[in-house]
1. Just to be sure I understand: of the beta bridges DSSP finds with both ends in the chain, what percent are antiparallel, rounded to 5?
2. Keeping all protein chains in place and using 1.4 angstrom, which order do Tyr184, Tyr123 fall into by accessible surface area, from largest down?
3. Each residue of the range 127-136 in order: what ³J(HN,Hα) in whole Hz does its phi give by Karplus 6.51 cos²θ - 1.76 cosθ + 1.60, θ = phi - 60°, with x for Gly and Pro?
4. Can you give the charge dipole size of the chain about its Cα centre, rounded to the nearest 20 debye, using +1 on the beta carbon of Lys and Arg and -1 on the beta carbon of Asp and Glu?
5. In sequence order, what are the phi-derived ³J(HN,Hα) couplings for the range 139-149 according to the Karplus relation 6.51 cos²θ - 1.76 cosθ + 1.60 with θ = phi - 60°, rounded to whole Hz, with x for glycine and proline?
6. Using a probe radius of 1.4 Å on heavy atoms only, what accessible surface per residue do you get for the chain? Whole Å² is fine.
7. Using just the Cα positions, wrap the range 97-181 in a convex hull and report its mean projected area in square nanometres, one decimal place.
8. ³J(HN,Hα) across the range 152-168 via Karplus (A = 6.51, B = -1.76, C = 1.60, θ = phi - 60°), whole Hz, x for Gly/Pro?
Amino acid sequence: MSMRITVVTIFPEYFDSPLGVSLVGRARETGLVEIDILDLREYGIGRHRQIDDAPFGGGPGMVMMVEPLARALLDLEETHRVLLTPAGVTINQSRLDKWSSMDSLTIVCGRYEGVDERIAEHYVEEQVSIGDYVTLGGEVGALAIIEGVVRLIKGVVGNPESVDTESFRGGMLEEPQYTRPADYDGFAVPEVLMSGDHGQIDLWRQEQRRRRTETRRPDLLERDELGN
Ligand code: SAM
């Protein structure tokens, strides 16, 4: 059975091109993943299919109403529901690992000033953030999650080793990578990589991973194996 990912959004057209190209497009074509884009307007209220309203208590902008989102989410078959919000827990690789092993994942995209809090409290399993900054809507985060999750599904990335050895595996950043030419405009590739000595190359890579992580992301070294 393939994994199903559902995205709830008021801008379904946002996803047209990115989900049709590259490995995600191929994974959909070959049935490794099924991605449904659910247009929240279908659950809008009244003739104008209203999905937002002014905030109680006053304040700028509009808030996405509880009813259309709640009805859309309750209409779905058994699934793990995730709301994108800057107030959520920041996503990391281990969270993507967990989601990639699920049969069904649903991603809820907010817009405007955000979503009525009752959705966060009663209709989703998790609230997650894509980082400490604010975007216009959750769609860009949904795409990041989809790419991150789909590439972990068995059979999507041709060589599984490339998924196992990259950044954040084992709490480290990946080492630097080079390809031809060996010298470009006086900038040379580290000699050890052309030595053919795989023991030395492994040592060099390990050392680079450790050094990079210590200097750029020392916080990673303090986390547990789940990245928390
Ligand atoms: N008023 C909200 C606040 O201050 O936290 C920001 C609302 S934002 C303009 C609209 C929507 O974009 C949010 O409901 C959420 O779905 C999405 N969004 C924006 N930044 C995000 C982030 N860092 N992580 C996850 N979702 C985000």
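1. Percentage antiparallel, nearest 5: 20.
2. Most to least solvent-accessible, the answer reads Tyr184, Tyr123.
3. After applying 6.51 cos²θ - 1.76 cosθ + 1.60, I find 10, 10, 10, 9, x, 7, 7, 10, 9, 5 Hz.
4. I would put it at about 140 debye.
5. So the Karplus estimates, Gly and Pro as x, are 4, 5, x, 4, 5, 4, 5, 4, 4, x, 7 Hz.
6. Normalised by residue count, the accessible surface of the chain is 60 Å².
7. Its Cα hull, projected and averaged over all orientations, spans 8.3 nm².
8. Using θ = phi - 60°, the values come out as 8, 6, 4, x, 7, 8, x, 9, x, 4, 5, 6, 6, 10, 9, 3, 6 Hz.
The values are calculated or read from the model by the stated rules, or taken from the named source; none is laboratory data. Because the structure is a prediction, the values reported are computed rather than measured. All Cβ positions, glycine included, derive from the backbone under ideal geometry; neighbour counts span all protein chains shown. Note: areas computed on protein heavy atoms with side chains; ligands, DNA, RNA excluded. Shrake-Rupley method; radii C 1.70, N 1.55, O 1.52, S 1.80 Å.
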